[in-house]
1. Among the residues of the range 391-437, which ones are within 19 Å of LEU350 (Cα to Cα) and free of Cβ contacts under 8 Å to residues at least 12 places away in the same chain?
2. One residue is enough: does the range 421-443 have a residue meeting the conditions modelled with pLDDT under 75, of a type in the set (Val, Ile, Thr) and in contact with a Leu (Cβ under 9 Å, 6 or more places away or on another chain)?
3. Select from the range 298-344 the residues that are touching a residue at least 12 places away in the same chain (Cβ under 8 Å), within 19 Å of GLY203 (Cα to Cα) and among the basic types (Lys, Arg) and list them in ascending order.
4. Of all residues in the range 389-417, which are in a helix (DSSP H, G or I), surrounded by fewer than 16 Cβ atoms within 10 Å (Cβ to Cβ) and of a type outside the set (Gly, Ala, Ser)?
5. Within the range 345-361, which residues are open to solvent by less than 40 Å² (accessible area, probe 1.4 Å) and of a type in the set (D, E, K, R)?
6. Among the residues of the range 380-387, are any at pLDDT below 95, surrounded by 20 or more Cβ atoms within 10 Å (Cβ to Cβ), under 26 Å from the mean Cα position of the chain (by Cα) and small (Gly, Ala, Ser)?
7. Only residues that are assigned to a loop (DSSP other than H, G, I, E, B), modelled with pLDDT of 95 or more and open to solvent by 20 Å² or more (accessible area, probe 1.4 Å): list them for the range 27-41, please.
8. When both residues are 6+ apart or on different chains and their Cβ atoms are under 7 Å apart, which pairs have a first residue that lies in the range 265-294 and is assigned to a loop (DSSP other than H, G, I, E, B), and a second that is open to solvent by less than 60 Å² (accessible area, probe 1.4 Å) and aromatic (Phe, Trp, Tyr)?
Amino acid sequence: MQSPSSPNEGAPPKTPLLSVVIPVYNERFTLRELFRRVSAVDLDLEIILVDDGSTDGTRDIVAALVARDPRSRSLLHERNQGKGAAIRTGLREARGEFVIVQDGDLEYDPAEYPTLLQPLISGQADVVYGSRFLGAPRRVHLFWHMVANRLLTLLTNLTTNLNLTDMETCYKVFRTSIVRRIPLRSNRFGFEPEITAKIARLGCLIYEVPISYSGRSYSEGKKIGLKDAVAAVYTILKYWLISDIGEAGHNTLARMSEKGDYSRVLFRSFESRLGKRVMDVGAGVGNMATFLLDREKLVLAELDPDYLSILDRRFGKFENVDLVSLDLDTFVGSEIARHRLDTVICINVLEHIRDDDRVLREVYDGLPSGGRLVLLVPAHPALYSGLDRGLGHLRRYRRAELEEKLRAAGFELELVRSFNWIGAVGWFVFGRVLRRRHISRVAIRGFRLMSWLRSWEGSEGFRFGLSLMAVARKG
């Protein structure tokens, strides 16, 4: 017997809440119509109006609009700080799963929100840009303004290795959880290149969709000018050279991973020892996973929910890939046995765990006879510095200490070697001598120029390096 149908049975799934952040400054002639268009969009919305110190009566209009629509609220700046500052204020208050920036003029059409949201809802993207140059209808507008947009987009692509067609577009839609991880500094129109540089550095999946555009002239109230274009160039170059994403430790880890083909060299150093069924513990955004997709089974283990979401969008389509939420502080080896794994890769993870001996024992118990553990851990306690503290490292390992811990867990040692002596030099200079908490992008580029020296590691058998690599086997 079938149960009675509910009133909502067969109805399409509800769209996640979209936060619309509208920075406004002296927009009294367009704001009412813009608000009407946003309110008319058939989506679950919250509308956040941020008045950036308007002096033309816009603030009174904001108050009246908010009073008549319960989905909206207002945030006020007592003085004008700039579009970027207003966006920051709005993003801090956003409650939706997704958030979009909407200018207070009428250049962009809110009816296109569903198109912009589609790659996010389907799980294909972390960020969606609405491009004015992908073929949708647009108003024929100012030539030199278009040239400036194209040049700024080109410079952004050169410095981020993206292939955007419209970096300066207002319509950028983000997963709120991701954009909140990003520190934003620009107060004016530098927001666009800054956010683009930072989402590129995080490895976010970015989509572009075509949008219409009805650009206004300066006589109609357009505010951006030559000074802002020059500031945008400065912002692009600034965030090409430096990074301030997340905690200093996450930033340092990202920078150290940029030394040429670091991940590829690391993978090749243990590739021949991998089995067919592999777990990558602490998979992050999947830099190592890209080399492991040919395995019979690949389990990507990560605790951070945002990283798990990125991993899902990057690798969830592969039927041989499973994602696991795994906290090594409460880790049990049964997860390894459940997936019938023969190899566990643990890159830059063990040093974060208080009881690392317990984790090694549990990995040993979970592996079958002949299974292997591949480890990379920070080496040489004398190198411990603010760089390590920023990363959350509890320790750096001596070679004899690591060997003793692996044997105590039951493993037989197949390989223990130093790795990345160039990185150790940089770590000593920046961490111990200069007492930095992160390594700049400029320094990383210097390491890249010296990357050919890394080939000496294998041929000369160096016993000094930033890290220790170990391959241990269960007998």
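The values are calculated or read from the model by the stated rules, or taken from the named source; none is laboratory data. Just so it is clear, the structure is predicted and the values come from calculations on it, not from any experiment. Neighbour counts are summed over all protein chains in view; Cβ atoms, including those assigned to glycine, are modelled from backbone coordinates with ideal geometry. Areas reflect the complete protein model, heavy atoms only, side chains present, ligands, DNA and RNA absent. Shrake-Rupley method; radii C 1.70, N 1.55, O 1.52, S 1.80 Å.
1. Selection gives ALA400, GLU401, GLU404, ARG407.
2. As a first pass, look at the range 421-443 and keep what is modelled with pLDDT under 75: 437-443.
Still in the running and of a type in the set (Val, Ile, Thr): 439, 442.
Going one step further and asking which of them are in contact with a Leu (Cβ under 9 Å, 6 or more places away or on another chain), we end up with 439, 442.
The answer is yes, given that some residue of the range 421-443 is modelled with pLDDT under 75, of a type in the set (Val, Ile, Thr) and in contact with a Leu (Cβ under 9 Å, 6 or more places away or on another chain).
3. Across the range 298-344, the qualifying residues are ARG313, ARG314.
4. Just the residues of the range 389-417 that are in a helix (DSSP H, G or I), to begin with: 389-391, 399-409.
With surrounded by fewer than 16 Cβ atoms within 10 Å (Cβ to Cβ) added as a condition, the list becomes 389, 399-401, 404, 407-408.
If the condition is that a residue be in a helix (DSSP H, G or I), surrounded by fewer than 16 Cβ atoms within 10 Å (Cβ to Cβ) and of a type outside the set (Gly, Ala, Ser), then ARG389, ARG399, GLU401, GLU404, ARG407 are the ones that fit.
5. Taking the range 345-361 first, the residues open to solvent by less than 40 Å² (accessible area, probe 1.4 Å) are 345-347, 349-351, 353, 356, 359-360.
Passing the criteria: GLU351, ASP356.
6. Yes, some residue in the range 380-387 is at pLDDT below 95, surrounded by 20 or more Cβ atoms within 10 Å (Cβ to Cβ), under 26 Å from the mean Cα position of the chain (by Cα) and small (Gly, Ala, Ser).
7. Narrowing the range 27-41 to residues assigned to a loop (DSSP other than H, G, I, E, B): 27-30, 40-41.
Checking the rest, the ones that are also modelled with pLDDT of 95 or more come to 40-41.
The answer is ALA40, and nothing else.
8. What qualifies is GLY284/TYR307; VAL285/TYR307; GLY286/PHE315; MET288/PHE267.
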